[in-house]
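Q: Shown below is the structure under consideration.
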Amino acid sequence: MATLEELTVTAQAEIDAIKTANGGDGMFAQVNNVRREFTEAEYDQAVIDKANSDFDQQENGYKTARQEAYGSIQDQLDMQYWDGVNSTTTWADHIAQVKADNPKPE
Amino acid sequence: MSGSLIKIDEEIVTSAVASVTLTGIDSTYDVYQVVASNIVPASDSQAIRIRVGTGGTPDSDSEYDMAYKVFESNTSFANHSEVNQTSWRGVTYGTGTGEAGNLIIYCFNFSNASEYSFITQEEVTYTNSPHLASFTGGGVHTVAEANDSISFHMASGNIASGRFVLYGLKK
């Protein structure tokens with residue numbers, strides 16, 4: 001698990017490499033129908049934004065992934081009904097599989 | 001006619017940019033509307049981010065609060081709330097065919113230096129999963145200041161294409 005500070009260092013290196021002055025493709029802003037390269041202040045903000053985004057993904061990405069992987073409420077209720085009828089564990093297995101596939105960061 | 005939409009600014013992105021800023025918000029109109037359509041990120045699975053601006057520069061402070069509901073066609077609907085963020089956010093957009101994002105934002109109190117700036121936000125997209133995702137919610141920037149612009153960027157990477165239009169609602 002990377003700290004926010006570590007991710008900021010990584011983001012700084014990645015953003016620095018993107019700058020056209022360093023041979024990269026640059027980051028651009030479009031304002032008043034003019035497309036221009038980021039100012040140094042905007043590049044600095046981009047580093048902060050990227051680090052925060054990466055940190056949030058690291059800490060919370062599993063929540064979104066689980067949400068998308070869980071079956072619908074209707075399907076889960078159907079699983080629970082048939083589990084009751086057939087004494088199976090389909091619903092619990094489904095939940096356990098989603099959690100296993102998208103683990104919470106330690 | 002009262003309530004008519006008066007176009008203030010339009011930015012059409014055809015070459016990838018990291019941010020788009022719509023300018024021209026002042027006290028001419030009480031309420032402004034942003035219509036953004038066919039927004040495609042350069043990187044798959046990225047949520048759009050929104051900031052108010054002062055002097056045309058986006059405010060990156062940690063004063064953005066919002067509450068919203070996300071309606072998705074493949075799972076149950078989800079309620080969300082966030083406080084003290086560095087931007088408002090939207091749903092996740094994808095890069096595949098037909099996965100563009102579309103949103104409407106109403107802006108309130110932006111030019112009033114004594115009040116917080118508020119937005120209501122509606123979005124619809126076909127996400128990277130892919131499935132339909134719709135969003136409705138509201139946000140506040142808890143700083144009593146005048147804002148003259150609103151800007152957009154993706155959580156990571158560029159905006160590959162899209163059309164952003166700012167309208168004033170005629171008094």
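The values are calculated or read from the model by the stated rules, or taken from the named source; none is laboratory data. What you see is a predicted model; the values in this text were computed from it and never measured. Cβ: placed from backbone, ideal geometry, glycine included. Neighbour counts: every protein chain shown. When the accessible area is computed, the model is the full protein with side chains, heavy atoms only, and any ligands, DNA or RNA have been set aside. Shrake-Rupley method; radii C 1.70, N 1.55, O 1.52, S 1.80 Å.
Q: Once both labels are modelled 7 Å past Cα along the beta-carbon direction, what's the A:S72-B:D26 spacing in nm?
A: For A:S72 paired with B:D26, the spin-label model returns 5.1 nm.
Q: Let me ask you something else. Using the heavy atoms of the protein chains and a 1.4 angstrom probe, tell me the accessible area per residue for the protein assembly as shown in square angstrom. Mind showing how you got there, number by number?
A: On the way: 13370 Å² over 277 residues.
Ligands and nucleic acids excluded, the figure is 48 Å² per residue.
Q: Using 10 Å bins from zero, what percent of all Cα-Cα pairs in chain A falls into each bin?
A: 13, 26, 20, 17, 13, 8, 2
Q: Something else about it: Filter the DSSP H helices in chain A by two things, a Kyte-Doolittle mean of at least -1.0 and an axial alpha-carbon span of 18 angstrom or more, and list the hits by number.
A: Helices meeting the criterion: A:4-18, A:73-86.
Q: Using 0.36 nm per residue of separation minus the Cα-Cα distance, give me the extension gain between B:T54 and B:N112 in nm, one decimal.
A: 19.7 nm
Q: Quote the total accessible area buried by chains B and A together, excluding ligands, DNA and RNA, probe 1.4 Å, nearest 100 Å².
A: Counting protein atoms only, the buried area is about 1800 Å².
Q: Work through the residues other than B:I6 whose Cβ is under 14 Å from its Cβ and net out their charges, Lys, Arg +1 and Asp, Glu -1. Mind showing how you got there, number by number?
A: On the way: positive: B:K7, B:K170, B:K171; negative: B:D9, B:E10, B:D26, B:D30.
Net charge around B:I6: -1.
Q: Over chain A, what is the relative contact order in whole percent, taking alpha-carbon pairs under 8 Å and six or more residues apart? Intermediate values should be presented prior to the final figure.
A: Working: 73 pairs, mean separation 27.1, N = 106.
Relative contact order comes out at 26 percent.
Q: Run a plain Debye calculation on region B:101-171 (Cα atoms as equal point scatterers, no solvent) and give log10 I(q)/I(0) at q = 0.17, 0.22 Å⁻¹, rounded to two decimals, same order as the q list.
A: Calculated log10 I(q)/I(0) at the listed q: -0.79, -1.14.
Q: Using only the alpha carbon atoms of region B:1-74, find the Kirkwood hydrodynamic radius as the inverse mean reciprocal pair distance, in angstroms to one decimal.
A: 15.5
Q: Can you count the Lys pairs in chain A with C-alpha separation below 22 Å, eight or more apart or on different chains?
A: Lysine pairs, 8 or more places apart or on different chains, close enough: 5.
Q: Using a Cα-Cα cut-off of under 18 Å, which aspartates and glutamates could be cross-linked to B:K170, ignoring same-chain neighbours fewer than 8 residues away?
A: Within the straight-line cut-off, B:K170 pairs with B:D9, B:E10, B:D26, B:D30, B:D148.
Q: Let me know the whole percent of all Cα-Cα pairs from region A:37-80 that are separated by more than 12 Å.
A: 71
Q: State to the nearest 20 debye the size of the charge dipole of chain A about its Cα centre, where the only charges are +1 on K and R beta carbons and -1 on D and E beta carbons. Before the final figure, lay out the partial values.
A: Numbers: 8 positive and 20 negative charges, 44 e Å.
My answer is approximately 200 debye.
Q: When the accessible area of region B:27-70 is computed with all protein chains present and a 1.4 Å probe, what percentage of it is carbon and sulfur?
A: Numbers: 690 of 1590 Å².
Whole-percent figure for carbon plus sulfur exposure: 43.
Q: Now for a different question. Let me check against my output: what whole-number percent is the relative contact order of region A:11-61, with C-alpha pairs under 8 Å and at least 6 apart?
A: 29
Q: Here's another thing I want to ask about it. State the percentage of accessible surface on region A:20-82 attributable to carbon and sulfur atoms; use a 1.4 Å probe and exclude ligands, DNA and RNA.
A: Answer for region A:20-82: carbon and sulfur cover 51 percent of the accessible area.
Q: Work out the length of the dipole vector of chain B about its Cα centre, built from +1 on the beta-carbon of each Lys and Arg and -1 on the beta-carbon of each Asp and Glu, and round it to the nearest 20 debye.
A: 340
Q: In whole Hz and in residue order, list the ³J(HN,Hα) couplings for region B:135-144 that follow from phi through the Karplus curve 6.51 cos²θ - 1.76 cosθ + 1.60, θ = phi - 60°; x for Gly and Pro.
A: Those phi angles translate into 9, 9, x, x, x, 9, 9, 7, 10, 7 Hz.
Q: Separate question: As a test of the formula, what do you get for chain A when each DSSP H run with n ≥ 4 contributes -39,500 (n - 2.57) and the sum is divided by the residue count, at 222 nm and rounded to the nearest 500 deg cm²/dmol?
A: Theoretical 222 nm ellipticity from helices: -22500 deg cm²/dmol.
Q: How big is region B:41-84 along each principal axis, measuring the range of its Cα positions in Å and listing the largest first?
A: 42, 27, 12
Q: Continuing with the same structure: Enumerate the residues in region B:38-55 having an amide nitrogen under 18 Å from the point lying 7 Å beyond the Cα of A:D44 toward its Cβ.
A: Backbone N within reach: B:54-55.
Q: Additional query: Over the alpha carbons of the protein assembly as shown, what is the largest minus smallest coordinate on each principal axis, giving the biggest first in Å?
A: Rounded to whole Å, the extents work out to 67, 52, 36 Å.
Q: With the convex hull built on the Cα atoms of region B:41-171, state its orientation-averaged projected area in nm².
A: Working: hull surface 32.4 nm².
Averaged projected area of region B:41-171's Cα convex hull equals 8.1 nm².
Q: Taking beta carbons within 10 Å but only from partner chains, what does the mean come to for residues A:31-38?
A: Across the residues of A:31-38, the mean count of other-chain Cβ atoms within 10 Å is 5.
Q: For region B:30-104, build the convex hull from the C-alpha positions and give me its volume per residue in Å³.
A: 129
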